[in-house]
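Okay, structure first, notes after.
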Amino acid sequence: MIPTKERNQTAVFLSYGSEGILFDCGEGTQRQFKIAGISLTKITKILISHWHGDHVLGLPGLIQSLSSTGYSHKLEIYGPSGTKKRIEKIFEAFVFDRRIDFVLREVKTGIFFENNEFQLEAYLLEHGIETLGYRFVEKDKRKIDIRKVKKFGIPFGPLLGKLQEGKTIEHNHKKIPPDEVTFIEAGKKLAYVTDTLLCDNCYKIADNVDLLICEATYSSKLVDKSEEYGHLTAKQSAQLANKSNARQLVLIHFSARYKNTQELEEDARAIFDNVICAKDFMKISL
Ligand SMILES: [Zn+2]
Ligand SMILES: [Zn+2]
């Protein structure tokens with residue numbers, strides 16, 4: 001909630017092709033972009049988990065700066081109910097030159113965005129105020145097995161395109177079904193879970209993900225405090241990763257009481273091995 005000398009408030013940036021998805025926007029996020037060497041204009045979507053300040057205080061500054069760049073997208077902002085009104089209030093509170101276009105959408109539950117490459121899902125968490133956890137699901141892709149294609153003597157061109165679409169082709173008077181020469185590459189999945197008690201929807205969001213980004217506000221020594229404020233301990237996040245069959249766990253959103261995150265990482269590692277505590281500017285490739 002309170003930034004420290006070493007750690008900024010919460011914001012996670014997912015870069016995927018031409019999409020730049022920002023999960024939450026804590027105070028100072030735009031400066032973190034500068035330091036990380038990522039242009040703000042890469043942001044195409046902002047997904048807000050909830051309206052506690054530590055997740056949104058960076059929005060006015062970031063929007064103001066975007067307005068002064070040659071930002072050419074329509075900035076999509078998604079969040080829980082009340083998001084539209086709250087964004088409008090930001091424009092009321094500050095004197096801005098509003099030069100960028102927005103799409104503001106209040107998200108219910110389930111899939112709220114889908115294109116040919118990926119979908120975004122949201123589910124309600126338990127944090128006292130309306131809070132959403134998010135799930136990014138890349139679609140499976142059918143890939144050509146070059147070795148097999150050569151074996152059948154299929155020339156490069158439209159026939160391969162048809163196979164990639166999952167259609168049976170005819171070549172040299174022989175029918176070749178797509179499964180003979182193509183294979184399915186599973187899409188990557190990512191979950192963003194912060195500010196919640198452990199609940200059923202946590203498991204729905206984290207199910208089988210390649211990367212679970214999850215809060216660890218306290219260690220399990222402070223489980224009572226954690227429950228009182230509607231947060232997860234590092235150990236509970238590890239339990240979530242474990243039971244959901246997540247491949248990798250990255251912990252975020254630490255209480256300012258922890259000068260370093262060793263205690264939190266150890267608390268989680270007792271349950272789930274492939275875990276690290278995020279550091280500001282950490283990058284992970286999936
Ligand atoms: Zn919160
Ligand atoms: Zn928070």
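Residues of the stretch 13-34 that are within 12 Å of the chain's Cα centre (by Cα) and within 16 Å of ligand 2 (Cβ to nearest atom): Leu22, Phe23, Asp24. Does the stretch 35-58 hold any residues that are within 16 Å of ligand 2 (Cβ to nearest atom) and either touching a residue at least 40 places away in the same chain (Cβ under 8 Å) or surrounded by fewer than 22 Cβ atoms within 10 Å (Cβ to Cβ) (or both), and which are they? Answer for the stretch 35-58, where residues must be within 16 Å of ligand 2 (Cβ to nearest atom) and either touching a residue at least 40 places away in the same chain (Cβ under 8 Å) or surrounded by fewer than 22 Cβ atoms within 10 Å (Cβ to Cβ) (or both): Leu47, Ile48, Ser49, His50, Trp51, His52, Gly53, Asp54, His55, Leu57, Gly58.
All conditions but one from (1) open to solvent by 90 Å² or more (accessible area, probe 1.4 Å); (2) farther than 20 Å from Val193 by Cα; (3) not β-branched (Val, Ile, Thr) apply to Glu88; the one that does not is (1). Of note, Thr10 satisfies the criterion of being within 16 Å of ligand 2 (Cβ to nearest atom), among the β-branched types (Val, Ile, Thr), closer than 21 Å to Tyr134 by Cβ and not in a strand (DSSP E or B).
Of all residues in the stretch 39-51, those being closer than 18 Å to Phe91 by Cα and within 15 Å of ligand 1 (Cβ to nearest atom) number 2. Remark: pairs (first residue in the stretch 112-136, among the basic types (Lys, Arg) and outside any loop (DSSP other than H, G, I, E, B); second residue open to solvent by less than 40 Å² (accessible area, probe 1.4 Å) and modelled with pLDDT of 95 or more; Cβ separation under 7 Å; 6+ apart in sequence or on different chains) = Arg135/Glu121; Arg135/Ala191; Arg135/Ile205.
The values are calculated or read from the model by the stated rules, or taken from the named source; none is laboratory data. From a predicted model like this one, the values you see are computed outputs, not experimental measurements. Neighbour counts run over all protein chains shown; Cβ positions are idealised from the backbone, glycine included. To get the accessible areas, we keep the full protein, side chains included, count just its heavy atoms, and leave off ligands, DNA and RNA. Shrake-Rupley method; radii C 1.70, N 1.55, O 1.52, S 1.80 Å.
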